[in-house]
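**Student:** I have a structure here, written as structure tokens, and I will follow up with some questions on it.
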Number of protein chains: 2
Amino acid sequence: MKDRLLLMIPGPIEFTPEVMRAMGMPTTSHIAPNFIEVFGQVLERLREVFLCPDGQPFVVAGSGTLAMDMAAANLVEPGDRALVVNTGVFGDRFAAILERYGAEVTQVQAPVVGEVPALEEVEATLRTADYKLMTITHVDTSTGVAADVKALAELGRRYGALVVVDGVCAVAGEEMRQQEWGIDIALTASQKAIGVPPGLALLVAGPRAMETFRQRKTPVTNYYADWSNWLPIMEAYEARRVAYFGTPPVNLIWALNVSLGQILGEGMETRFERHRRLSQAMKAAVRAMGLEQVPRRPEIGAHTLTAPYFPEGIDRSVLARIRAAGVIVAGGLHPAIKDRYFRIGHMGAVSPSDILTTVGAIERGLIEAGYDLKPGLGLTAAQAVLAEG
Amino acid sequence: MKDRLLLMIPGPIEFTPEVMRAMGMPTTSHIAPNFIEVFGQVLERLREVFLCPDGQPFVVAGSGTLAMDMAAANLVEPGDRALVVNTGVFGDRFAAILERYGAEVTQVQAPVVGEVPALEEVEATLRTADYKLMTITHVDTSTGVAADVKALAELGRRYGALVVVDGVCAVAGEEMRQQEWGIDIALTASQKAIGVPPGLALLVAGPRAMETFRQRKTPVTNYYADWSNWLPIMEAYEARRVAYFGTPPVNLIWALNVSLGQILGEGMETRFERHRRLSQAMKAAVRAMGLEQVPRRPEIGAHTLTAPYFPEGIDRSVLARIRAAGVIVAGGLHPAIKDRYFRIGHMGAVSPSDILTTVGAIERGLIEAGYDLKPGLGLTAAQAVLAEG
């Protein structure tokens, strides 16, 4: 149904055949012994993938926005101060969500699109008031900018703020060590580097976040997102017991267990390194083709996607040509530059061959659109990085 | 992975091979032209299945509880009065959800488990105060009791209340004519008679409900459930345009389109009649085997499930024997009678053969557990009903 096009957008990504077989297998009862075991394993494995041995995982039917909503709805009480480290569209969204639950939100903005706020500015803001929590978008899918989560989390903790990381375009691709780095909540969606079709909100909450939740003075004003409903369910399945709140999305959870098994089979360090390497190859190709990137400096470029500007004289109609050449990439998302750039996702089960296929299709698309490019320039640059490994 | 056991619980149900193939097919981009067409069709077809030509459908990743939550979060403002017509566990849940959003909830309870509240009592309550909305559980999955939705909806409208029908165990199985019966919101979950694996909350809101939402004076205190976020998305996909809020659960929506096509291919009238007939067959078998049912009168028994009490001398351990005989049925859910009854789901693509297979397994399970039953008694009674058609 995709006519064998390669899907290289920042989610949904290409999923492994084993994951897709789990999606299509006959649905079991949510209280069947084999499903209880699968759900229990999923919860255990999420702790390993998030590198958070003391965390409490939540797996709930919904989109990544539900995971953000869960973090805000369960932690925030009216009047709480929240600091949003904003690197793009998803920082704006977290601010809107936090405000919905009564938070007084202060945003530290990147000076320009494609930059990150300076650590000094974040620290200066943390000094001005008593922030209950701070949110960081690990990778903003709209800009391809990666925040320095480790340094920001350290700052947040030093000033007593709970640290919430929106890892939607990052978890299981970008290096993220939730417990070691002092992150109180990390969250993602299934269809990104976790490698499962869309439909699951995933979140791991550390002990400080759970304690803050337990100490709430007001009820959570979002019934579906309320951890009071879900915590007993997560605890039961992990103890290989049944409990009912809502019917879990059986096939998606089965598929998630397959994918988490594949992720842990590769190993988190190897996986981080593979994402780094493949990202470097893609970015080397993009540079060799003469394209600028939205992230203004290599150090702040995500490893899960690349966001190149169209070169002079080329517009978004080139995306159809790239598609005709066999690869689907995504258009722009950030309102300020929407029509000037495109986005290439490379996360999850992505391989060196996928990178070359994609670079090849971009080269041919650009040439067909009239861009003056020597065929193979991007491929050679990518291959040079791939061959190093 | 189910060892070819037949899954006859009140959801997840047995899904058709075509639906499962859609689940397992390669995931497309959520902005791919073929997916836009599929999502657009889904929205149009939901109107036909809900029999609500002027309704606004919402399709969101989540469980059936999210659909209930959406109805409450978007309609209720603090201090609003709500009337819950309670026929079991899911009436309790709707009351809890409504209260979360500040409603003053009055419940009209069934006099005993297995009964429905009298229409006169509901009307007397509606007379006492100005209710903004009234909720009805069409089929309470915990008791197998079906409410008289048509009569209750008429009462609700007469007294000016918005009528909200929790159709989770009913829509596309029980007769429900949303627009003709004056139902303002009807909702369900994918894994019931709609015939798609769990993970989708489905809701159709009529014009009065949408108008009430637009006239809100206070913001919706649940970000993820807020129609302000989802309405533009539903409108865009139906107009075959792209809009982004959260990544839609692509495979589930593709599977939903396949199932809705199968449902409309059968036709709603034929489908209602098939559910009625198969339910009568199952209930005839249950009676012939000497088992009492939770619904106290045949007229209030659901057509989507049957809830028999265990006969004298038999306890829930018989469920394992029924399973060993090839069919999975569900245990009790209502706290007051939890260990005294079981539940048989028969909705969606269920066939006469499934009914016979299930009755056969129950007969053998009961006999093995020591129940004095002449083999074939239940089967003969079921077959008599099936042969009438």
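**Student:** From the set of residues in region A:145-175 that are assigned to a loop (DSSP other than H, G, I, E, B) and within 11 Å of the chain's Cα centre (by Cα), which is surrounded by the fewest Cβ atoms within 10 Å (Cβ to Cβ)?
**Tutor:** Here the residue is A:Glu174.
**Student:** If you go through region A:87-94 one residue at a time, do you hit one that is assigned by TED's automatic domain parsing to the domain that holds A:Lys150, within 21 Å of A:Thr212 (Cβ to Cβ) and crowded, with 24+ Cβ neighbours inside 10 Å?
**Tutor:** Yes - at least one qualifying residue is present in region A:87-94.
**Student:** Here's another thing I want to ask about it. Check off (1) of a type in the set (D, E, K, R); (2) closer than 23 Å to A:Arg177 by Cβ; (3) touching a residue at least 40 places away in the same chain (Cβ under 8 Å) for A:Lys132 and give me the number that stays unchecked.
**Tutor:** Tallying (1) of a type in the set (D, E, K, R); (2) closer than 23 Å to A:Arg177 by Cβ; (3) touching a residue at least 40 places away in the same chain (Cβ under 8 Å), A:Lys132 fails exactly one: (2).
**Student:** Within the bounds of region B:208-221, is there any residue that is at pLDDT 95 or above, more than 30 Å from A:Ala103 (Cβ to Cβ), outside any loop (DSSP other than H, G, I, E, B) and within 14 Å of chain A (Cβ to nearest Cβ)?
**Tutor:** no
**Student:** Among the residues in region B:27-45, are any of a type in the set (Lys, Arg) and under 30 Å from B:His334 (Cα atoms)?
**Tutor:** Checking region B:27-45: not a single residue is of a type in the set (Lys, Arg) and under 30 Å from B:His334 (Cα atoms).
**Student:** Within region B:222-259, track down each residue that is more than 7 Å from chain A (Cβ to nearest Cβ) and touching a Leu at 6+ places or on another chain (Cβ under 7 Å).
**Tutor:** Those that are more than 7 Å from chain A (Cβ to nearest Cβ) and touching a Leu at 6+ places or on another chain (Cβ under 7 Å): B:Met234, B:Tyr237, B:Glu238, B:Leu256.
**Student:** What are the residues in region B:176-186 that are assigned to a loop (DSSP other than H, G, I, E, B) and surrounded by 24 or more Cβ atoms within 10 Å (Cβ to Cβ), if any?
**Tutor:** Correct list: B:Met176, B:Gln178, B:Ile183, B:Asp184.
**Student:** Report, by residue number, each residue of region A:4-30 that is at pLDDT 95 or above and polar (S, T, N, Q).
**Tutor:** A:Thr16
**Student:** Considering region A:359-389 alone, what residues qualify as being assigned to a loop (DSSP other than H, G, I, E, B) and either within 21 Å of A:Val294 (Cβ to Cβ) or touching a Ser or Thr at 6+ places or on another chain (Cβ under 8 Å) (or both)?
**Tutor:** Within region A:359-389, the subset assigned to a loop (DSSP other than H, G, I, E, B) is A:369-376, A:389.
Passing the criteria: A:Ala369, A:Tyr371, A:Leu373.
Yes or no, residue by residue, for (1) touching a residue at least 60 places away in the same chain (Cβ under 8 Å); (2) of a type outside the set (S, T, N, Q):
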{"site": "A:Gly91", "(1), (2)": "no, yes"}
{"site": "A:Ala95", "(1), (2)": "no, yes"}
{"site": "A:Thr125", "(1), (2)": "no, no"}
{"site": "A:Ala189", "(1), (2)": "yes, yes"}
{"site": "A:Gly199", "(1), (2)": "yes, yes"}
{"site": "A:Ala205", "(1), (2)": "yes, yes"}
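**Student:** Is there any pair with a first residue in region B:326-351 that is without any contact (Cβ under 8 Å) to a residue 12 or more places away in the chain and a second that is surrounded by fewer than 22 Cβ atoms within 10 Å (Cβ to Cβ) whose Cβ atoms are under 7 Å apart and which are 6 or more apart or on different chains, and what are they?
**Tutor:** That search, which allows pairs on different chains as well, returns B:Lys338/B:Gly332.
**Student:** Tell me which residues, restricted to region B:341-358, are part of a strand (DSSP E or B) and either farther than 12 Å from B:Val294 by Cα or of a type outside the set (Phe, Trp, Tyr) (or both).
**Tutor:** B:Arg343, B:Ile344, B:Gly345
**Student:** Continuing with the same structure: Inside region A:6-88, counting only helices (runs of 4 or more DSSP H) that do not spill past its ends, which hold 3 or more residues that are within 8 Å of chain B (Cβ to nearest Cβ)?
**Tutor:** A:17-24, A:64-75
**Student:** Looking at B:Ala193, B:Ala189, B:Ala205, which is the one that is buried (at least 23 other Cβ atoms within 10 Å of the Cβ), within 13 Å of chain A (Cβ to nearest Cβ) and at negative phi?
**Tutor:** It is B:Ala189.
**Student:** Ok, one more. Among the residues of region A:44-69, which ones are more than 18 Å from the chain's Cα centre (by Cα) and within 19 Å of A:Arg208 (Cα to Cα)?
**Tutor:** A:Pro53, A:Asp54, A:Gly55, A:Gln56
The values are calculated or read from the model by the stated rules, or taken from the named source; none is laboratory data. Note that the structure is predicted; figures quoted are calculated from it, not measured. Note that each Cβ is placed from the backbone with ideal geometry, even for glycine, and that neighbours are counted across all protein chains shown.
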